[in-house]
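Novice: Sharing a structure with you now.
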Amino acid sequence: MLFGKKNMKRYNVLLSRKIRNILLSDKTREFLIFLFFVLISFSFWMLQMLDDVYQTNFSMQVRLKNVPKEVVMTAELPSEITVRVEDRGTVLLNYMLGRSFYPLAFDFEDYDGGRSSVSIPLEEVKKKISAQLNTTTKLLAVRPDSLGFIYAKGSAKKVPVALDGQVTAGREFYVSEVKLEPDSVMVYAPENLLNTIHTVYTEPVSIKGVTDTITKQVKLQKIKGAKFVPATEKISVMVDMYSEKKVEVPIVGLNFPAGKALRTFPSKAQVYFQVGVKNFSSVTSDEFFIGISYDELLRNKGDQVILKLKKSPEYVGHLRIVPPAVDYLIEERFVKSDEE
């Protein structure tokens, strides 16, 4: 242990002596002198460069103050603007590194003249910007070059929300329900604009191949000058699995004159269809109707007539009639007269 400490102390003494010899050598002194003159040259070059005139961009925040509680902003001022200026490099460096700008504050009361749409003159914006710049700084441009806002005072109504898009189910499934929550929103806008808004639509949505219930958030399509509360919607897509079922449906003649009747062979047809599991047990043959009109038979050229469903539930799909066509006869029937 003691031997190790002695070796460590000796090593530190030798290392210190070696470093001191290197720093005091002629080559090191020459390098340090060279580095000193390089730094002086760089400093003079930087001063010369910063004395030239340059252009640059920087951002300034924007604020609207003293907005009354009863006022709803439907289109607000931008949160910041971009300013392009020209000046000597030393001044621009001070802007970028050492100087902070105050937000450009505009008082709502100065523009509340009964108009719902307000445009702030560009000269007023430039005046507020110039007040924070050096007198030597030249203001070249402001982006955006126009500032304004739209507000409403007590003008609001409830408007239904509709889905803008397409929702499809996966193979062997069907979309049983598409639910929007909430189903309506409050719309705030100037009265003349509010009167034109009857429905609010979601942003375009494309949901394909759904095989299980899904939920997603979607924004509402913007209308300039209008504000929606809430500004987003929750879309819930419910699907159900198809099952095949069949029912037996009578074939009925329609609009036959007195004394004539329809007879088909067979008199009933099988209707095959796909239906969701939740409606499988409740669907019955009474919800289907196969009818053949007298005029249709008069126009028919063959011995058979093609069967068509006149009525079926909305929640069934892939309908198929078996047989698709039947033989038929138009029978003459005796009708008693009132005198008999």
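The values are calculated or read from the model by the stated rules, or taken from the named source; none is laboratory data. Because the structure is predicted, anything quoted here is derived from the model rather than measured. Neighbour counts are summed over all protein chains in view; Cβ atoms, including those assigned to glycine, are modelled from backbone coordinates with ideal geometry. Side chains included, ligands, DNA and RNA excluded: accessible areas come from the protein's heavy atoms. Shrake-Rupley method; radii C 1.70, N 1.55, O 1.52, S 1.80 Å.
Novice: Expected output is a single nm value to one decimal: the length gained when fully extending between Arg88 and Lys208, i.e. 0.36 nm times separation in residues minus the C-alpha distance. What is it?
Specialist: The Arg88-Lys208 span can extend by a further 37.3 nm.
Novice: With the cut-off at 21 Å, tell me which of the pairs Lys65/Lys158; Lys65/Lys128; Lys157/Lys224; Lys246/Lys311 have Cα atoms farther apart than that.
Specialist: Lys65/Lys158
Novice: Kindly provide the pair-distance distribution of the stretch 108-226 built from C-alpha pairs, with 10 Å bins from 0 and whole-percent values in order of increasing distance.
Specialist: Final binned percentages: 10, 27, 21, 18, 14, 8, 2, 0.
Novice: R0 = 25 Å: FRET efficiency of Lys310 with Glu332, Cβ-based, nearest 0.05?
Specialist: For R0 = 25 Å, the calculated efficiency reads 0.50.
Novice: How many percent of all Cα-Cα pairs in the stretch 210-340 sit more than 20 Å apart?
Specialist: 63 percent
Novice: Given the stretch 153-252, what percent of its DSSP beta bridges are antiparallel, to the nearest 5?
Specialist: Taking every DSSP beta bridge with both residues in the stretch 153-252, the antiparallel ones total about 80 percent.
Novice: Now for a different question. Using 0.36 nm times the number of residues separating Ser146 and Arg320, minus their current alpha carbon distance, what extension gain do you get?
Specialist: Gain on extension, Ser146 to Arg320, equals 56.3 nm.
Novice: Express in Å², to the nearest 10, the accessible area of Val142 obtained by rolling a 1.4 Å probe over the protein heavy atoms while all chains stay in place.
Specialist: Ignoring ligands and nucleic acids, Val142 comes out at about 10 Å².
Novice: Roughly speaking, what is the stretch gain from Lys69 to Asn279, that is 0.36 nm per residue apart minus the C-alpha to C-alpha distance, in nm to one decimal?
Specialist: So the extension gain works out to 70.4 nm.
Novice: Residues with amide H under 5 Å of Asp164's amide H, sequence separation 5 or more or different chain, H placed in the peptide plane at 1.01 Å from N; which?
Specialist: Hits under the 5 Å cutoff: Thr202, Val205.
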